[in-house]
Structures are given as structure tokens and as C-alpha cells.
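The values are calculated or read from the model by the stated rules, or taken from the named source; none is laboratory data. Every value quoted in this text rests on a predicted model; they were computed, and no experiment measured them. In this analysis, Cβ positions are derived from the backbone assuming ideal geometry, glycine residues included, and neighbour counts consider all displayed protein chains. Side chains are part of the model used for accessible areas, which takes the heavy atoms of the whole protein and leaves out ligands, DNA and RNA. Shrake-Rupley method; radii C 1.70, N 1.55, O 1.52, S 1.80 Å.
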Amino acid sequence: MKAAVLTGAREPLVIEDITIDEPLAGEALVKVIAAGVCHSDLHFIEGTYPARYPHILGHEVAGVVERVGAGVTNVAPGDRVILGFVQPCGHCSFCDSGRPSLCQTPSATRPADQPARTRADGSAVTAMTNVGGFAEYSITPAVGLVKVPDDISLDIAALVGCSVMTGYGAVVNTAGVEPGTTVAVIGAGGVGLNIIQAARLAGAEKIIAVDMVEHKLATAKQFGATDLVNAGEGDPVREVQQLTGGGADYAFEAIGLKATSEQAYNMVGRGGTAVIVGMVPPMDQISISGMIWMQEKTLKGSFYGSARFHTDMPRILNLYRQKKLDLDSLVTRRYELGQINEAFDALRNGEVSRSVLTIGQE
Ligand SMILES: [Zn+2]
Ligand SMILES: [Zn+2]
């Protein structure tokens with residue numbers, strides 16, 4: 001099969017012929033139909049986060065189950081699925097307490113001693129989050145698969161695999177935004193737009209989008225932002241404080257930088273909650289005021305929207321069907337697998353909300 005392979009940090013992706021195994025017990029072989037091009041992939045390309053090279057990126061993916069290994073009962077060949085990029089075990093303390101996105105049971109994903117399931121010239125090629133979706137096929141633990149109804153296209157479903165779940169979940173699960181509250185969102189890209197529309201759905205009274213790119217702010221308005229702040233023209237923290245009369249109830253950081261994380265914290269008022277959704281580089285230290293105790297402010301992280309995959313993803317698809325979440329307008333461009341480097345250039349240059357790679361046909 002063809003796959004886009006990352007051979008090292010800051011290298012362009014290379015389309016290569018890759019050997020993929022048959023699914024073992026608990027695994028499924030999925031024909032990839034569509035894969036979103038996410039900022040998280042870009043972090044690995046740019047070396048902000050480490051990868052084991054050669055590496056197949058792509059974690060926002062939907063496809064059709066081709067074959068399953070022994071013992072797989074939750075999906076069958078022909079099922080249309082979203083590939084969750086966490087594959088929860090279902091029985092550890094995180095899974096058991098309703099936080100499956102934090103599951104780290106190795107057997108739930110793939111034992112470290114098990115060989116890579118994809119190879120080039122006999123050598124291992126690793127797959128991002130056991131998905132590796134920038135390829136014609138993915139071999140993944142079946143527990144990570146969520147079925148998609150026939151009336152929903154797989155290029156839209158793919159987005160639910162990362163950006164929609166991450167943004168919606170940050171609002172609904174991690175923060176628990178209540179009706180009538182004020183919300184600031186830093187970064188109006190693929191994840192930020194979903195934070196904005198989920199905040200609208202949750203009944204936030206004021207939703208302030210903060211970005212430095214005018215056309216992204218215009219898109220943010222279309223998704224439900226009530227106020228727009230261009231962070232390139234003045235101090236966004238002061239502007240949010242002024243717009244909210246002292247600070248927002250909630251602020252979300254959807255870029256992945258130390259500076260904007262600190263801004264998010266400073267944008268919330270007394271009793272407020274700042275949620276870091278972006279992939280801040282692992283060695284960066286976020287500084288906040290020692291006055292946190294007196295102001296009763298909360299700073300928390302949100303990974304994968306604190307997802308409960310088999311509850312949240314079908315819910316999101318229903319909300320899309322009811323036109324309460326707009327997923328169609330998220331897709332700015334479509335590319336083929338061979339154009340993947342162009343798709344990343346467009347993401348780097350801030351030209352797109354989301355690009356989707358159309359890889360296979362159903
Ligand atoms: Zn992503
Ligand atoms: Zn678990």
C-alpha cells in the first residue's frame with residue numbers, strides 16, 4: 001500500500017510503498033477513506049514533539065473495516081468507522097471512572113514488544129497513535145473504532161476523530177460550560193472553531209474569538225463567536241477583560257504555546273477556568289500568578305476533549321445531523337494523498353480551517 005512517511009524532523013513527507021500485516025487478535029484492518037490534516041501532525045513534522053522514524057502520521061481518520069482479527073466483536077468487515085486515536089482498555093481505573101481518554105494500559109493499545117505492523121524493505125515503520133492514517137490502510141486495535149451511520153459521509157466523520165471531539169469535548173466534558181457564561185477562545189483553527197460552536201451550543205452568552213488572522217476571525221463569527229479580538233492589534237488579555245467586565249468565565253487555548261496559555265489564564269476572572277487544549281511543547285513551563293488561591297481560578301488541561309468515545313462521537317454525529325454542529329464548513333480544502341505536503345504548507349500558512357485528504361473510495 002501507499003503511505004506518506006515522515007523520515008525525520010523538518011523533512012517533507014515521502015509517498016512510499018509499505019507492507020502492512022494481517023490483523024492479529026483484537027485488531028482491525030481498515031481501508032482509509034479520509035484523513036484530516038491536523039496541527040498535531042505538524043508538531044511532529046516540525047520536531048516540536050518526537051517521533052520514532054520512519055513514521056506514518058495521521059490520526060483524524062475514517063474508513064471501512066476490511067478484515068478483523070480473532071476475538072473482535074464490536075465491528076465487522078464493511079462497517080464504516082471513525083478511528084479513535086486512543087484505544088481504551090475498558091477496565092483500568094481511568095476507563096472505569098469514565099475517563100477513557102486517559103487510559104494508558106499498554107495492552108489496550110499495543111504491547112511495546114510487539115513488532116510494528118507496517119514495514120518498508122523489511123524495516124519497521126511506526127504508526128502515529130496506532131492509527132497512521134496518511135496511508136491507504138491502517139491496522140488498529142478494534143476497541144478504538146466507533147461506527148458511523150450510512151447517511152454521514154466519511155470525510156466529515158474523520159474530523160470527529162480529532163478536531164471536533166477535541167473542541168466539543170473541551171467545552172462540554174472538560175470545562176462543563178454553562179448557559180449564560182462568557183467564553184474566550186484563543187486560536188480559530190480546526191479545534192478553536194469547534195470550541196466556539198460547542199460553546200454556542202452550551203448556551204454561552206458571549207463567545208470571544210481571539211486570533212491574529214482576519215479571515216479566521218470572520219470564520220469564527222460564522223461558527224458562533226459574538227466578539228472578535230485581533231491579537232495582533234493590542235493586548236488581547238485587556239480586550240477580553242474589558243469585553244467581559246473583569247474576565248471571562250472560561251478561556252480555551254487552542255494553539256499550543258506557552259504565551260497564549262498564560263494569556264488564557266489571565267483572561268479568566270475570579271472563579272474562572274482556563275483550559276489548555278493546544279499541544280504546548282513538553283519542556284515549556286507555564287507561569288501563572290501566585291494569587292490563584294485567592295481568586296479561585298482553575299488551570300486545566302484537556303486531552304482529546306476528555307472523550308468518552310462510544311458516547312460522545314455518536315452524539316456529535318447526531319448533533320451534526322440535526323444541524324446543531326456545522327462540520328461541513330470546517331472543510332476548507334480537499335487534497336489527494338500525493339498532495340500531502342501542499343496540504344501542510346496551507347496549514348502552516350494559516351490558509352485553511354481544515355484540509356481533508358481523500359485517500360480511498362468506499
Ligand atoms: Zn489532531
Ligand atoms: Zn483503560
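Listing for the model above:
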read-out	value
Unique match (being within 16 Å of ligand 1 (Cβ to nearest atom) and part of a strand (DSSP E or B)) among Val32, Val86, Val65, Val81	Val32
Within region 250-308, considering residues that are assigned to a strand (DSSP E or B) and under 19 Å from the mean Cα position of the chain (by Cα), the one surrounded by the fewest Cβ atoms within 10 Å (Cβ to Cβ)	Lys300
In region 115-160, residue farthest from the chain's Cα centre (by Cα) [restricted to those that are at positive phi and not in a loop (DSSP other than H, G, I, E, B)]	Asn130
Residue, nearest to Asp155 (Cα to Cα), within region 89-103, restricted to residues that are in a helix (DSSP H, G or I) and over 15 Å from the mean Cα position of the chain (by Cα)	Pro100
Residue under evaluation Asn341, criteria (1) under 19 Å from Val5 (Cα atoms); (2) assigned to a loop (DSSP other than H, G, I, E, B); (3) out of contact with any strand residue (DSSP E or B) (no Cβ under 8 Å at 6 or more places or on another chain), criterion not met	(2)
Where Ile316 falls short, out of the listed (1) open to solvent by 10 Å² or more (accessible area, probe 1.4 Å); (2) not assigned by TED's automatic domain parsing to the domain that holds Ile207	(1)
Failed item in (1) open to solvent by 50 Å² or more (accessible area, probe 1.4 Å); (2) under 20 Å from Leu13 (Cβ atoms); (3) in contact (Cβ under 8 Å) with a residue 12 or more places away in the chain, with Glu178 passing the rest	(2)
Residue check, Ala184 open to solvent by less than 10 Å² (accessible area, probe 1.4 Å), away from ligand 2 (no atom under 16 Å from the Cβ) and touching an Asp or Glu at 6+ places or on another chain (Cβ under 6 Å)	no
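Here is a yes/no grid of residues against (1) of a type in the set (Asp, Glu); (2) within 16 Å of ligand 2 (Cβ to nearest atom); (3) modelled with pLDDT under 95:
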site: Val72; (1), (2), (3): no, no, no
site: Ala76; (1), (2), (3): no, no, no
site: Val125; (1), (2), (3): no, no, yes
site: Pro141; (1), (2), (3): no, yes, yes
site: Thr166; (1), (2), (3): no, no, no
